[in-house]
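As structure tokens, the structure follows; a few thoughts come after it.
The values are calculated or read from the model by the stated rules, or taken from the named source; none is laboratory data. What you are looking at is a predicted structure, and each value in this text was computed from that prediction instead of being measured. Please note: Cβ atoms are built from the backbone with ideal geometry, for glycine as well, and neighbour counts cover all protein chains shown. When the accessible area is computed, the model is the full protein with side chains, heavy atoms only, and any ligands, DNA or RNA have been set aside. Shrake-Rupley method; radii C 1.70, N 1.55, O 1.52, S 1.80 Å.
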Amino acid sequence: MLENTKELFKLIEEKNELHKKCLASLKLSDEEFNDLEKLIIYYKDALNISLEEQTQSYLTILNDTLEETKYFIEFGKYRYSTLAEVKDKVYFNENYMKQYMIGLAISSFIWNAHIEVRRYFVDFINEKKDIKNTYLEIGPGHGEFFIQALRSAKFKEYYGIDISPTSCQMSKDMVENQVGKTDAKYEFICKDFAKCDFNNKADLVVMGEVLEHVEKPLEFMQNVKNLLNDNGEIFATIPINAPSIDHIYLFSHPDEVKDLLNKAGLKIKESKYFMANNYSLEKALKTKNAIVMAVVLTKQ
């Protein structure tokens with residue numbers, strides 16, 4: 001294990017002994033450990049965020065998720081159901097959003113479902129054979145998918161749309177640091193997608209855990225479909241029974257997602273499920289444990 005990663009894990013274990021088993025059981029490739037090390041060094045050197053602060057950011061997301069999980073178990077619903085309830089608490093709260101993005105980025109190398117989703121997207125983007133024109137990512141968050149897409153060099157231009165000014169800036173900074181010079185055109189647009197006039201047609205729209213953040217997901221997906229070229233695709237991940245501080249729309253079963261996508265005029269070309277705690281899909285549904293449903297969509 002590389003130096004900074006080893007020290008970060010040590011700090012996490014010191015502050016949360018229950019996490020020791022999780023970290024000890026990680027099975028990351030050398031490339032993934034290298035990517036995590038680069039991420040930690042980037043935060044430390046480029047953004048002047050110490051390992052102690054990175055640890056606290058990760059534990060903030062972990063503890064907040066556990067709190068929302070307790071609420072979900074007790075009441076059978078997410079704590080909030082409207083954007084108004086969470087936007088100032090999360091998206092426009094610079095200090096919290098910064099911690100949120102850092103914590104989530106680190107979790108993509110620690111939480112089983114996040115690790116598997118990350119691998120799935122990397123394989124998906126790298127398997128594309130033809131160079132296309134436009135890549136659009138809605139809610140790029142900490143920038144992980146956006147960076148992988150840029151590295152793939154499969155598109156001529158790349159756009160990211162995010163409601164949070166902090167997220168937009170952090171994504172932009174990370175791309176500049178991690179990707180460096182590129183001939184590809186890329187731009188981050190800091191607006192609410194529902195109120196954003198994006199006039200380009202996209203060959204690929206990527207949405208990493210976005211639908212659970214919107215009040216009207218059917219209308220949202222209909223708008224996304226309208227941005228697709230005729231042969232375009234949507235890559236989306238949708239959490240099911242996955243409480244978080246800013247999740248406002250609860251999907252309780254994959255069939256609910258499938259029904260919504262069908263109503264939006266979209267066809268599922270490919271789907272896969274990633275479960276927390278290495279559960280089977282059946283066990284996760286029975287126990288209402290978190291599931292991430294990944295889909296590749298086309299127009300019907």
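Brief remarks on what is shown
- All aspartates and glutamates inside 14 Å of Lys288 as judged from Cα atoms, apart from same-chain residues fewer than 8 positions distant: Glu68, Glu74
- When Rg/Rh (Cα atoms, Kirkwood Rh) is calculated for this entry, the matching label among (1) 0.96; (2) 1.05; (3) 0.93 is (3).
- For the residue pairs Lys98/Lys263; Lys128/Lys267; Lys216/Lys286; Lys15/Lys272; Lys21/Lys191, alpha carbon separations beyond 30 Å are given by Lys98/Lys263; Lys15/Lys272; Lys21/Lys191.
- For Glu282, the accessible surface of its heavy atoms amounts to roughly 130 Å² (probe 1.4 Å, protein chains only, rounded to the nearest 10).
- Protection proxy ranking, highest mean first, for peptides 54-65, 124-135: 54-65, 124-135, where packing is the per-residue count of other beta-carbon atoms within 10 Å, averaged.
- Ordering of 12-18, 156-162 by packing [mean C-beta count within 10 Å, highest first]: 156-162, 12-18
- Which listed pairs, of Lys132/Lys299; Lys156/Lys225; Lys181/Lys299, have C-alpha distances above 23 Å, in listed order: Lys181/Lys299
- Carbon plus sulfur fraction of accessible area for the chain, probe 1.4 Å, in percent: 46 percent
- Accessible area, probe 1.4 Å, largest first, for residues Met170, Met207: Met170, Met207
- Distance from the Cα centroid of segment 186-239 to that of segment 6-58 is 31 Å (rounded to whole angstrom).
- Per residue accessible area of the chain, 1.4 Å probe, in Å²: 48 Å²
- The antiparallel fraction among DSSP beta bridges confined to the chain stands at about 45%.
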